[in-house]
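Enquirer: Can you keep this structure in mind? I'll have questions shortly.
The values are calculated or read from the model by the stated rules, or taken from the named source; none is laboratory data. Note that this is a predicted model, so its numbers are computed, not measured. Methodologically, a virtual Cβ is constructed for each residue, glycine included, from the backbone with ideal geometry; neighbour enumeration extends over all protein chains shown.
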Amino acid sequence: MSRNATSEAMSGIVGGEAQAGFGDSLDYVTVTIGEQLLGLPISRVHDVFIATRITPVPRAPAEIVGLLNLRGKVVTAICLRKRLGRFVDLSSHCNESCELTAVGIDHAGEAYALIVDAVGEVMRLDRSSFEPTPVHLDRSWSALAAGVHRLEERLLVVLDIDAVLNIGMPAAA
Amino acid sequence: MWVAVSGMDDLLQEFLGETGEHLDTVDRELVRFEQDPNNREILRTIFRLVHTVKGTCGFIGLPRLEALTHAAESVIGQFRDGATVNAIAVTAVLETIDRVKEILAELGEKGQEPEGNDETLIAELRALADTAKQELARSQPPVDAATDPVAAYMARHGVVPPESAEDGLDLVFRSAPGPERRADGRIETTSLPPGAPEEAAQRDSRSGGPPTLRVNVDTIEHLMTMVSELVLTRNQLLEISRRQEDVALKAPLQRLSLITAELQDGVMKIRMQPIGNAWSKLPRIVRDLSSELGKRIELIMEGADTELDRQILDLIKDPLTHMVRNCADHAIEPPQARKAAGKAEHGTVRLAAYHEGGSVTIQISDDGRGLDLARIRRKAVQQGLAPEAEVERMSDAQASRFIFHPGFSTAEAVTAVSGRGVGMDVVKVNVDAIGGLIDVASVSGQGTTITIKIPLTLAIVSALIVASGEQRFAIPQIVVRELVRVKAGAEHRVELINGAPVLRLRERLLPIIVLGALMEGTAGAVGEGFVVVTQIGERQFGIMVDSVFHTEEIVVKPMSTKLRHIPIFSGNTILGDGAVVLIVDPNGIARLVGAAVAAGAPQGFAPAETQRLAERTTMLVFRAGPDSVKAVPLALVTRLEEVPANHFEISGGRTLLNYRGRLMPVTPVGETAIRTQGLQPLVIISEGELTMGLAVDAIVDIVDEVLDVELQAMLDQGALGSAIIRGRATEILDLAHYLPKGDPNWLSGRRGGGDATGGVLLVEPSGFLREMLVPVLKAAGLRVVPAGDIESARRNAAGDGAVLLDLDRDAQGAFALAAELRAADGGPGRQIVGLTSFVTPDLEAAATRAGLDRIMVKFDRRALLAELTEFRPGMRQAA
């Protein structure tokens, strides 16, 4: 399959200059799982969309919700909640007209969608507020976290997208 | 590709591509030419191509290549003039072409001609050209310029024959019409540079076909992807229009649909290539192999113009080469052997391809020695691929298929003798990967045919859309044989054997796999629905689904890497309504439920499991008589049947049944009364030509248990002993007791009169195995003395009978006993055979040292009997 250029619109949330803007600041797309704020490096996020119709894949790893059709492309949907070892309320999963919030990510030439509870804003944060992952974090979290940003009100856990997509790696296990 | 050649100018890149193709053709044509030296057409092609390569090399400035091709050209020039075509010369030219290819490869990587010395090769070619020239000079009178039309032509047009062309005045070639001829037919009188006519001729032959354009493969791939997307979009539009009654939309949509279909066809055609492209290297390979092996092999290729998708072509190229190599290497016998077998001295390998429906069939056949089935069976048992009894019951066709079993061929011992087999498993994996089917048929001494059926393309396939539960799935149409509607109480209904669903279909039982159950891993309800009858090779099974919608052309998209490990899906696709559906992989299903589909399928028992067979046995449990549960090892059972009671015939006090066109004796087991009405369950036992039915009251179950058999003293009761199966005391049936009842000829018919002079001492510590083997040996007309340990064996070892020694329990003790016996006999008069569950080379070596005649697998009943009966005449003479 051809890999579409990243110039595709990101549902209006990502500004054009955000891609290149590194240096002392870091850009994240923030998402939430329960109360926890999580950050995805913006360079890895392809787009944000609402997934409506997901085809479950029997015998697939539990974290994989299924496959969905995003503009003619088959995308593998991964439940971030499950990936982080959180309880998944089955009723929140696809019944008739359920809508799931998904973050599109390209990884090794394949399209993935991370199903999250909600997508927040794009944040530009200073490197000085970045700290390594606390040592006592649960294994399923520490394996997926790249570090933590201290915000004024709350903490933002930065996710290592490669680790999140590396299903089969010990996470909740 | 792009990276490799970036920075190189387009000219060189084009030169590489074109020259590579030319050289492949030369390769192929030279081999053809060697077989048919009088074919001037072929020679002309070769000369032209080599000359073109030479010319281009000189033009671009590649001196090394130019020198090489020039030398090769002069040798070919001698052929053209009538010099004898010999293998040495052809080999030298082929070597030159190989060298040229090597240089080209480096040229492609580095962008410049590599350093190197070709003196030796060039000198060899020169010497060959000189020899040929002398030969020609001797056989032909000097050319008289006045009478030679070519010389006259040359003189007329003022062409000075160049040094190389001096020996290259080819009549056919020079007199060929070229574009130099003006419209009025006059030939241009300009002086042509040497070689120009050849190039002209080439241009001429090119202009004969339609003009062509070189396109990067990536461009076509991209185009294909786009067309696939277009097909999907079209499908979606069609789906929408189906729901809306907008007439204005209908007409343009219809047109769009047609154009899309045409576009799809067109792009597919671009991707299509004749299968001959994958064969181009084969003549050379066969030629080299035959001279190397001293065999005479003819390669016949039919249907080389059959077209296939490029992607598939790439995938089957290596397997095909591999199989042809196998044929030449192993299957075709040396000329003497062939002559002795009354066959033509030269062997034939035939490669044929043709279209059949939406797929391409490729056949590779040879007239060699055929597969050594006996050895394949033996090896299959030794490698633990299937229990001995099962292997024994298999038809030859089923047994041959072991060659496709993973790892089957890795053992060098098989391949040396049986021929085929090196990497046939790899071939199968490759064919499976593209959704193809592979099968083998072999007749001993007459040859082997391997048939491969592959889809035309992988990108777009026709699929049956089915539903199971809430979900839809696509099943590739190529494997679907038919659809059967099933319903409880209807003509076609699904029945259960110990929970395993089966369907009666035209006098056969078809194993059923319930798709829903497979998906959820739970037992699905078997009620109403459809059975998709699926065929893979000769195996048939049914996939049960809830409903069937329609057939749709789907664009196959590969599974995500995260999901590729799931064997039951081969990919996914987007349907017209935009939904993603999974494509069911029937091969994967067949493998996954292997045990359920065991109807002739080789099973993947690990060797470790075979070793455990000693204790673990699968038993068929049935009821015979009002309160009696009996069991018989399933391995000994051929089939289970239910026969209407009125089909039985009574003749001479025996009950007979017309079974598959033969009269089969039917014997009741224990207290079973053969029914006079309704259905009578039968357990069919067969051995070679003899078949008999055991009438039982009911089949209860099939269990796989570790049996602790308590042996019974009185063997004549028809039971070997009893064991606790599923908490119930169960009698283990002694088949040897029943067999003679069914057919009194059983014993005498078996081994040429059953001369029972041969005594056999059986040393086997496992009571169960001992009791299983004793009836077998007895049935073969042997007198058996069983012994449970080496001590008691030693006491009973008097006489000159054969000794069967268990090596699993105490190998050292067994070897010691063997040595003692040998010493006592004072020679190799007595036959001593070691029995083991698993033969290892170490054990084999130790056994030879200890003086054992052979070492055999315990469960290989057939081989064991063959060994014992073959040895007997010799023993009698010795006695």
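Enquirer: Kindly indicate whether B:L761 is under 40 Å from the mean Cα position of the chain (by Cα), assigned to a strand (DSSP E or B), at pLDDT 75 or above and among the aliphatic types (A, V, I, L, M).
Expert: Details: under 40 Å from the mean Cα position of the chain (by Cα): no; assigned to a strand (DSSP E or B): yes; at pLDDT 75 or above: yes; among the aliphatic types (A, V, I, L, M): yes.
The answer is no for B:L761.
Enquirer: Between A:G12, A:G85, A:G21, which is modelled with pLDDT under 85 and under 29 Å from B:L518 (Cβ atoms)? Don't jump to the end; show me each part of the working.
Expert: Details: A:G12 fails: under 29 Å from B:L518 (Cβ atoms); A:G21 fails: under 29 Å from B:L518 (Cβ atoms).
Answer to the selection: A:G85.
Enquirer: Moving on to the next point. Can you tell me which residue in region B:533-588 is nearest to A:D106 (Cα to Cα), limited to those that are among the small types (G, A, S), more than 12 Å from chain A (Cβ to nearest Cβ) and within 29 Å of the chain's Cα centre (by Cα)? Walk me through how you get there before you give the answer.
Expert: Taking region B:533-588 first, the residues among the small types (G, A, S) are B:537, B:542, B:547, B:560, B:570-571, B:576, B:578-579, B:588.
Checking which are more than 12 Å from chain A (Cβ to nearest Cβ) leaves us with B:537, B:542, B:547, B:570.
From the residues that got through so far, the ones that are within 29 Å of the chain's Cα centre (by Cα) too are B:537, B:542, B:570.
Details: B:G537: 39, B:G542: 39, B:S570: 22 Å.
Top of the filtered list is B:S570.
Enquirer: Is region B:291-299 home to any residue that is surrounded by fewer than 21 Cβ atoms within 10 Å (Cβ to Cβ) and on the phi > 0 side of the Ramachandran plot?
Expert: To start, the set of residues in region B:291-299 that are surrounded by fewer than 21 Cβ atoms within 10 Å (Cβ to Cβ) comprises B:291-294, B:296, B:298.
Subsequent filtering for residues that are on the phi > 0 side of the Ramachandran plot retains B:294.
Looking for residues that are surrounded by fewer than 21 Cβ atoms within 10 Å (Cβ to Cβ) and on the phi > 0 side of the Ramachandran plot, one finds at least one in region B:291-299, hence yes.
Enquirer: Please find, within region A:48-78, the residue that is modelled with the highest pLDDT out of those that are polar (S, T, N, Q) and either out of contact with any Lys or Arg (no Cβ under 9 Å at 6 or more places or on another chain) or over 17 Å from A:T101 (Cβ atoms) (or both).
Expert: Quick first cut of region A:48-78, residues polar (S, T, N, Q) only: A:52, A:55, A:69, A:76.
Those still in the list that are either out of contact with any Lys or Arg (no Cβ under 9 Å at 6 or more places or on another chain) or over 17 Å from A:T101 (Cβ atoms) (or both) too: A:52, A:55.
Details: A:T52: 80, A:T55: 89.
Taking the candidates together, the pick is A:T55.
Enquirer: Just for region B:792-807: of the residues that are at pLDDT below 80 and not in a loop (DSSP other than H, G, I, E, B), which one is surrounded by the most Cβ atoms within 10 Å (Cβ to Cβ)? Break it down stepwise before answering.
Expert: Of the residues in region B:792-807, the ones at pLDDT below 80 are B:792-801.
In the following step, the residues that additionally are not in a loop (DSSP other than H, G, I, E, B) were identified as B:792-795.
Values: B:S792: 14, B:A793: 24, B:R794: 16, B:R795: 8.
Restricting to residues being at pLDDT below 80 and not in a loop (DSSP other than H, G, I, E, B), the top hit is B:A793.
Enquirer: When only residues in region A:34-45 that are surrounded by fewer than 21 Cβ atoms within 10 Å (Cβ to Cβ) and either assigned to a strand (DSSP E or B) or touching a Cys at 6+ places or on another chain (Cβ under 6 Å) (or both) count, which is modelled with the lowest pLDDT?
Expert: That would be A:Q36.
Enquirer: Right, another one. List pairs: first residue in region A:105-132 and closer than 30 Å to B:P558 by Cβ, second residue of a type in the set (F, W, Y) and in a strand (DSSP E or B) anywhere in the structure, Cβ distance under 9 angstrom, at least six positions apart or on different chains.
Expert: From residues that are closer than 30 Å to B:P558 by Cβ, the pairs are A:I105/A:Y112; A:D106/A:Y112; A:A113/A:F49.
Enquirer: If you don't mind, there's one more thing I want to ask. For region B:68-126, give me each residue that is closer than 22 Å to B:R32 by Cα and outside any helix (DSSP H, G or I).
Expert: B:D81, B:G82, B:A83, B:T84, B:V85, B:N86
Enquirer: So, restricting to strands (runs of 3 or more DSSP E) that lie completely within region B:423-501, which ones have at least 3 residues that are more than 22 Å from B:S365 (Cβ to Cβ)? Spell out how you get there, then give the answer.
Expert: Values: elements: B:437-443, B:447-455, B:460-468, B:471-476, B:480-486, B:494-497.
It comes to B:460-468, B:471-476, B:480-486, B:494-497.
Enquirer: Of the residues that sit in region B:217-266 and are free of Cβ contacts under 8 Å to residues at least 12 places away in the same chain, more than 14 Å from chain A (Cβ to nearest Cβ) and within 39 Å of the chain's Cα centre (by Cα), which one is surrounded by the most Cβ atoms within 10 Å (Cβ to Cβ)?
Expert: Among residues in region B:217-266 that are free of Cβ contacts under 8 Å to residues at least 12 places away in the same chain, more than 14 Å from chain A (Cβ to nearest Cβ) and within 39 Å of the chain's Cα centre (by Cα), the one surrounded by the most Cβ atoms within 10 Å (Cβ to Cβ) is B:A261.
Enquirer: Select from region B:494-516 the residues that are touching a residue at least 60 places away in the same chain (Cβ under 8 Å) and more than 22 Å from B:V703 (Cα to Cα) and list them in ascending order.
Expert: Correct list: B:L515 only.
Enquirer: Which number in (1) modelled with pLDDT of 70 or more; (2) surrounded by 12 or more Cβ atoms within 10 Å (Cβ to Cβ); (3) touching a helix residue (DSSP H, G or I) at 6+ places or on another chain (Cβ under 7 Å) marks the one condition that B:T676 misses?
Expert: (2)
Enquirer: Does B:R506 satisfy the criteria of being modelled with pLDDT under 85 and within 25 Å of the chain's Cα centre (by Cα)?
Expert: No: the conditions fail for B:R506.
Enquirer: To continue, here is another question. Looking at region B:640-673, which of the residues that are assigned to a loop (DSSP other than H, G, I, E, B) and not charged (D, E, K, R) is modelled with the highest pLDDT? Show your work before the answer.
Expert: Step one: list which residues in region B:640-673 are assigned to a loop (DSSP other than H, G, I, E, B), which gives B:652-653, B:660-661, B:669-673.
When the remaining residues are screened for being not charged (D, E, K, R), the result is B:652-653, B:661, B:669-670, B:672-673.
Working: B:G652: 71, B:G653: 72, B:G661: 73, B:V669: 82, B:G670: 75, B:T672: 77, B:A673: 77.
Taking the candidates together, the pick is B:V669.
To keep it simple, each residue is scored yes or no on (1) assigned by TED's automatic domain parsing to the domain that holds B:P114; (2) in contact with a helix residue (DSSP H, G or I) (Cβ under 6 Å, 6 or more places away or on another chain); (3) touching a residue at least 24 places away in the same chain (Cβ under 8 Å).
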site: B:E21; (1), (2), (3): yes, no, no
site: B:D24; (1), (2), (3): yes, no, yes
site: B:N39; (1), (2), (3): yes, no, no
site: B:L49; (1), (2), (3): yes, yes, yes
site: B:A72; (1), (2), (3): yes, yes, yes
site: B:A83; (1), (2), (3): yes, yes, yes
site: B:A89; (1), (2), (3): yes, yes, yes
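Enquirer: Scan region A:56-87 residue by residue and report those that are more than 10 Å from chain B (Cβ to nearest Cβ), part of a loop (DSSP other than H, G, I, E, B) and under 16 Å from the mean Cα position of the chain (by Cα).
Expert: A:L84, A:G85, A:R86
Enquirer: Could you tell me how many of the residues in region A:57-87 are free of Cβ contacts under 8 Å to residues at least 12 places away in the same chain and more than 18 Å from B:V555 (Cα to Cα)? Walk me through it before giving the result.
Expert: Residues of region A:57-87 that are free of Cβ contacts under 8 Å to residues at least 12 places away in the same chain, as a first pass: A:57-60, A:71-72, A:87.
From the residues that got through so far, the ones that are more than 18 Å from B:V555 (Cα to Cα) too are A:57-60, A:87.
Looking only at that region, the number is 5.
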